[in-house]
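Read the figures in this text as sums done on the coordinates, not as results from a lab. All values derive from a computational prediction rather than experimental measurement. Cβ atoms come from the backbone with ideal geometry, glycine included; neighbour counts cover every protein chain shown.
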Amino acid sequence: MDAVGSDVLTLHHLAVESDPRYRDNELYLQSVKKEVKAVTIYDLLNLIASVADAVGEREARELYAAYLRSEEHVVLFPRPPGSWEELVEELMPFVLRGLDHNGALIALAVASQQEVSRYVTWRKTYRGKMPVNVVSPKECLRTTSV
Amino acid sequence: MTDTVLLQVRVSASLLRRVDELCAEGLFKNRSDAVNDALRYLVLRYSRTSPEGKLTSLYLGGRLARSGSPSGMIFRSKREVEVEF
């Protein structure tokens, strides 16, 4: 199962057609349309923030509810840490690989779901640092068309 | 003393054994104390006031009806949007 990053979802939901990645982004999402996809709660919140900023609060709230209700998506909520000490301990292995705080939280969430086999994002800085393979939508299209 | 009522419920034997172990470890005075603590937590969890908080509680509890997909929700921004690489 793919876990989809907030950048991929933001390009789609805000229809950023002027972005050079838009076409491949849409083709990838079309190719996995009927498959169940994972979204970490951190990616979902980042997406909601982008929609709230660009469009408005009402639309952002509707989108959050739609993701939780979606048949096509699993929202990953990792077990919340019991303390600051526990949070630091859990994040540290990922931070030491060079992930920023947001990336480390996403890595924890992805690691909480064994069925996630890859994380799909345009962010190259996450490569080699996540617990699963990090691939771009364009690369996903190449692997499915071979 | 707070007004109390007797609550009769069925629970699995294995869960009750675990509760008894927690009591034996001194975390709770007795089964009633443990059940009171669990019910306080349950009420707190479902007492969220925002719609998103309530939805999240329902989702995490596996009680949210699932249907449709957000894929068709496309929003047109009034200004130019840039998505970070």
Whole angstrom only: what separates the Cα centroid of segment A:16-34 from the Cα centroid of segment A:106-130? 19
Take every DSSP beta bridge whose two residues both sit in segment A:2-139, then give the antiparallel share in percent to the nearest 5. 0
Could you give the dipole magnitude of chain A about its Cα centre, charging the beta-carbon of Lys and Arg +1 and that of Asp and Glu -1, in debye to the nearest 20? 460
Two-decimal Rg/Rh across segment A:2-139, once Rg and the Kirkwood Rh are taken from alpha-carbon atoms: 0.96
Distance in nm between label sites at B:THR4 and A:VAL88, each 7 Å beyond Cα in the beta-carbon direction? 4.1
With R₀ set to 30 angstrom, the calculated FRET efficiency between the beta-carbons of A:GLN114 and B:LEU58, to the nearest 0.05, is 0.80
Seen from all sides and averaged, what is the projected area of the convex hull of the Cα atoms in the protein assembly as shown, in nm²? 16.8
Determine the relative contact order of segment A:2-139: mean sequence separation of Cα pairs under 8 Å and six or more apart, normalised by residue count, in whole percent. 30
Under a straight-distance cross-link criterion of Cα-Cα below 20 Å, which lysines are reachable from B:LYS29, leaving out those fewer than 8 residues away in the same chain? none
With R₀ set to 25 angstrom, the calculated FRET efficiency between the beta-carbons of B:SER50 and A:ASN102, to the nearest 0.05, is 0.65
Under 13 Å between alpha carbons, and skipping anything fewer than 8 positions from A:LYS129 in its own chain: which aspartates and glutamates qualify? A:ASP100
Output wanted: per-residue J couplings in Hz (rounded whole) for segment B:70-82, from phi through Karplus 6.51 cos²θ - 1.76 cosθ + 1.60, θ = phi - 60°, x for Gly and Pro. x, 3, x, 7, 10, 10, 9, 6, 7, 10, 5, 10, 10
Would you list, by chain and number, the lysines whose Cα falls below 30 Å from the Cα of B:LYS78, excluding same-chain residues fewer than 8 positions away? A:LYS33, A:LYS37, A:LYS124, A:LYS138
